[in-house]
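Worksheet: the structure to be examined is printed underneath.
The values are calculated or read from the model by the stated rules, or taken from the named source; none is laboratory data. For clarity, every value in this text was computed on a predicted model and none was experimentally measured. Heads up, the Cβs are rebuilt from the backbone with ideal geometry, glycines too, and the neighbour counts pull from every protein chain shown. For the accessible areas, the whole protein counts, side chains as well, though only heavy atoms, and no ligand, DNA or RNA atoms are used. Shrake-Rupley method; radii C 1.70, N 1.55, O 1.52, S 1.80 Å.
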Amino acid sequence: VSSESNMAIDFRIYEKQYKESIDAHMQDYRNSRDYEISIKLDVLPKDQVEKMLMYNMENYADAFLFSDLGGYSLFVNKDKRLFIFNTFNKAKSLDEQLKVNKPEILSLLNRFHPRKLYEVPTEQGFCFPYGFIAGDSGHEKRNMGVTYRLKDHPDVSIFFQDLGTSPGPGERRPDEKMSAKDYVTYFWNMRYGHSFREVKLYGKGFSSPKIDNRDGVAALAKFTRRSKEVDYGYMAYVKEDAKNNEPGLLFYVIRDSRQVKGQPPMDKNELEKMAERIVRSIKRR
């Protein structure tokens, strides 16, 4: 979801520029292959490469679709915002991709509506920042996250993710075999920790906050970046419960002191208190 534009978005120019960037990327790939041939390297056959690079673009009212063998991206222009929906679904051919995804795309275009911040629709559906998908029963698969940054503290990022009720592998999805505590540990040590010089739990260690009136697991971490800055982060997680239609929820607040100029970064105690206050407020509406 883009920020709100001060004027109407010239959507067809945006689409033209997007296509030009895709074509340029494809040509770069072809040029790279030609160079590898010139220096006697093994490359994929030309027909296989051209099949890999095939794509399709279609226009709809206030929207356009890009599809290739890896999935699709749907771009929607509503209320001076650009909404982009991505699905990663590998297919053997472009025709197969379109056949599988077309009903889903048409359904999404029919049910999606923009909404004002804090606006609560009267019909049943699924809300996300500035948007609403009508007719969602609450049982459809979903995996949606949103990031915020504090205006007064650009060093602080807040992320919230609704993982839905379907466990298992997927983009940014916890392993269903992990307990909540195991995943919080994995998150700090692997998903984020790989980019730090050192990371360790800080303060009271693991805690058990209520998230959506359920028992979750949280931990405050202290980490030293490779550039030697010391920062802090708070992460909370509650596992999905498909039987009771309760989604997996993931939340974190992370400080990056490199992003703040002319003022001190947010104090670690203030960061923890803010994070705990937000976690207590999480509930379904």
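Numerical summary
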{"item": "Close pairs from region 268-285: first outside any loop (DSSP other than H, G, I, E, B), partner open to solvent by 90 Å² or more (accessible area, probe 1.4 Å), Cβ under 7 Å, at least 6 apart", "result": "R280/K210"}
{"item": "Counted residues, region 1-46 - those being closer than 20 Å to A61 by Cα, in a helix (DSSP H, G or I) and of a type in the set (A, V, I, L, M, F, W, C)", "result": "2"}
{"item": "Single residue of region 195-221 satisfying the filter (over 22 Å from the mean Cα position of the chain (by Cα) and not in a strand (DSSP E or B)) that is surrounded by the fewest Cβ atoms within 10 Å (Cβ to Cβ)", "result": "N213"}
{"item": "Region 180-194, subset under 17 Å from I211 (Cβ atoms) and open to solvent by 80 Å² or more (accessible area, probe 1.4 Å), residue modelled with the lowest pLDDT", "result": "D182"}
{"item": "Subset of region 63-99 (residues that are open to solvent by 80 Å² or more (accessible area, probe 1.4 Å) and not in a strand (DSSP E or B))", "result": "D79, K80, K90, K92, D95, K99"}
{"item": "Unique match (being small (G, A, S) and within 27 Å of the chain's Cα centre (by Cα)) among S32, S5, S38", "result": "S5"}
{"item": "Qualifying positions in region 223-236 - open to solvent by 20 Å² or more (accessible area, probe 1.4 Å), outside any loop (DSSP other than H, G, I, E, B) and out of contact with any Leu (no Cβ under 8 Å at 6 or more places or on another chain)", "result": "T224, R225, V230"}
{"item": "Subset of region 237-248 that is closer than 16 Å to D175 by Cα and open to solvent by 10 Å² or more (accessible area, probe 1.4 Å) - its residue that is modelled with the lowest pLDDT", "result": "A242"}
